[in-house]
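Enquirer: My structure is below; once you've seen it, I'll send some questions.
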Amino acid sequence: MLRRFCLYGFLKNQQYFEPYLVLAFLQKGLSFFQIGMLVACREATVNLLEVPSGAVADIWGRRRSMMLSFVAYMASFVLLALAGNLLLLVPAMVLFGVGETFRTGTHKALILSWLKEQGLEREKTRVYGLTRSWSKLGSAAAVVIGTGWVLYSDDYVALFWLSLLPYTAGLVNFLGYPRQLDQPTKTAGKSVAGHLWQSLRKVFTESMTRRLVLEGTAYEGAFRVTREYLQPLLQAAAVSMVAAVPAVGHISPGHRRQSALLVGPVYLFLYLLSAAASRRTGMLAKKAGSERAAARVVWTATLFCYAAMLPSLLTDLKPAAIACLVLAYVLQNFYRPLFVSRLWDFCPENMAATVLSVETQLRSFVVMLLAPAVGAAVDWATAIDPSSGLWPVSAAGIAAAVAYVLSFRKERQCQ
């Protein structure tokens with residue numbers, strides 16, 4: 001089963017358009033604010049459906065939920081390929097959000113069920129780190145394929161069509177999962193509503209679970225907003241190497257191949273580093289003394305990363321800012337397995353998917369509010385100085401890190 005879990009991670013990250021999605025939106029004539037609104041639409045969908053979808057997965061079967069997720073993703077890819085304006089892009093992002101809701105947390109809970117069935121609960125950090133590393137290797141492979149296509153065709157649209165192939169293979173992979181992993185879990189209420197209420201009470205009445213969920217929300221919410229700006233930053237850096245066009249967000253047909261020559265190698269390097277980081281999460285936890293201590297180390301490094309990014313963006317030092325964003329990606333791949341493992345320690349197995357869905361929902365709410373605000377701030381800052389317009393991105397990351405430091409002090413006082 002570990003092979004199938006790893007294969008799932010590899011295939012679900014075969015989104016060949018991912019390193020170029022923001023650039024594709026810019027090519028369609030969208031502003032950063034409009035792109036932020038599209039992200040908000042996706043996250044609003046996640047926010048509305050995430051917790052109910054987690055309860056549905058726990059009650060009616062997690063494998064079925066995963067298959068529904070992949071079908072929604074595929075429908076989204078089709079619309080993203082066909083859309084020529086903002087109105088058509090909105091339903092595409094809504095469908096993408098549906099795919100996210102039925103996937104996030106569900107497969108992690110499925111892995112946890114299998115580990116408990118095999119008596120391997122203590123290996124959860126190592127196993128999750130392993131499967132996550134295969135996800136990042138899948139992203140690395142996707143970058144190579146996507147970049148090769150852009151260099152060949154000077155076009156982004158076909159990347160959406162190409163992504164349908166591995167997702168079809170992913171649906172076939174789910175058919176090989178053991179049937180017992182798709183059995184409904186037994187709950188006291190024996191209903192989605194009752195199970196949902198029990199899980200929400202678990203999150204909001206137990207202090208450690210609540211603080212962990214809020215911590216994950218702060219970290220992941222800031223990261224999901226800031227990571228979107230690596231693409232335009234790389235595009236601006238690539239174009240400035242051969243032309244005097246330093247403005248972030250400016251793109252023309254002749255610049256797509258130039259951007260791919262930098263976007264592709266940087267994302268490939270990023271995903272390979274992320275895969276290595278995920279594999280070594282267990283080692284970091286052992287060296288730090290505990291998963292909680294390791295998470296604190298990662299948070300501290302993340303704070304320094306965002307803080308270093310701010311002067312780099314203000315002074316138009318694109319290579320330094322790119323390096324900081326790449327480091328933020330790597331740190332997130334240390335953090336996520338640590339977070340999931342810590343949360344599992346406080347969650348009953350039959351509530352795992354739902355509690356993780358609560359965290360995802362709160363994170364989506366943060367992103368839904370933050371993405372348009374940061375996008376508008378970037379548009380405003382770019383209008384004043386095109387060369388340093390991305391500085392609000394690092395400011396958002398710094399704010400999240402400071403929020404964590406404050407919550408960590410409260411957590412320590414409670415212990």
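Rule-based calculations on the coordinates, nothing more; no lab input. Predicted, not measured: the structure shown is a model, and the values here were computed from it. Using ideal geometry, Cβ is built from the backbone for each residue, glycine included, and neighbour counts are taken over all protein chains shown.
Enquirer: State, to one decimal in nm², a quarter of the convex hull surface area for the C-alpha atoms of the range 255-321, i.e. the direction-averaged projected area. The partial results should precede the final answer.
Expert: Values: hull surface 22.4 nm².
Average projection, Cα convex hull of the range 255-321: 5.6 nm².
Enquirer: I need the peptides 92-101, 386-395 ranked by packing, meaning the mean over residues of other C-beta atoms within 10 angstrom, with the highest value on top.
Expert: Output ranking for 92-101, 386-395: 92-101, 386-395.
Enquirer: Distance check, please: which entries in Lys108/Lys318; Lys108/Lys287; Lys286/Lys318; Lys28/Lys124; Lys28/Lys136; Lys124/Lys318 exceed 32 angstrom between their Cα atoms? Mind dumping the intermediate values first?
Expert: Numbers: Lys108/Lys318 36 Å; Lys108/Lys287 25 Å; Lys286/Lys318 36 Å; Lys28/Lys124 43 Å; Lys28/Lys136 28 Å; Lys124/Lys318 38 Å.
As for pairs spanning more than 32 Å Cα to Cα, those are Lys108/Lys318; Lys286/Lys318; Lys28/Lys124; Lys124/Lys318.
Enquirer: In the neighborhood of Val90, defined by Cβ-to-Cβ distances under 15 Å, what is the net charge if each Lys or Arg adds +1 and each Asp or Glu adds -1? Kindly include the intermediate steps, with their values, before the conclusion.
Expert: On the way: positive: Lys28, Arg42; negative: Glu43.
Computed value for this residue: +1.
Enquirer: Is the range 88-169 best put as rounded, prolate or oblate by its Cα gyration tensor, with a ≥ b ≥ c the root eigenvalues, rounded for a/c under 1.5, and otherwise prolate when a/b is larger than b/c, oblate when not?
Expert: Values: a/c = 3.60, a/b = 1.78, b/c = 2.02.
Oblate.
Enquirer: Quote the Stokes-Einstein diffusion coefficient, in whole µm² s⁻¹, for the range 21-142, based on the Kirkwood radius over alpha carbon pairs, a temperature of 10 °C and a viscosity of 1.306 mPa s.
Expert: Values: Rh = 16.0 Å.
Taking Rh from Cα pairs, D becomes 99 µm²/s.
Enquirer: Against the 2.2 N^0.38 Å scaling, with N counting residues, where does the range 72-118 land? I'd like the Cα-based Rg ratio to two decimal places.
Expert: Working: Rg = 15.2 Å, N = 47, 2.2 N^0.38 = 9.5 Å.
Here the answer is 1.60, to two decimals.
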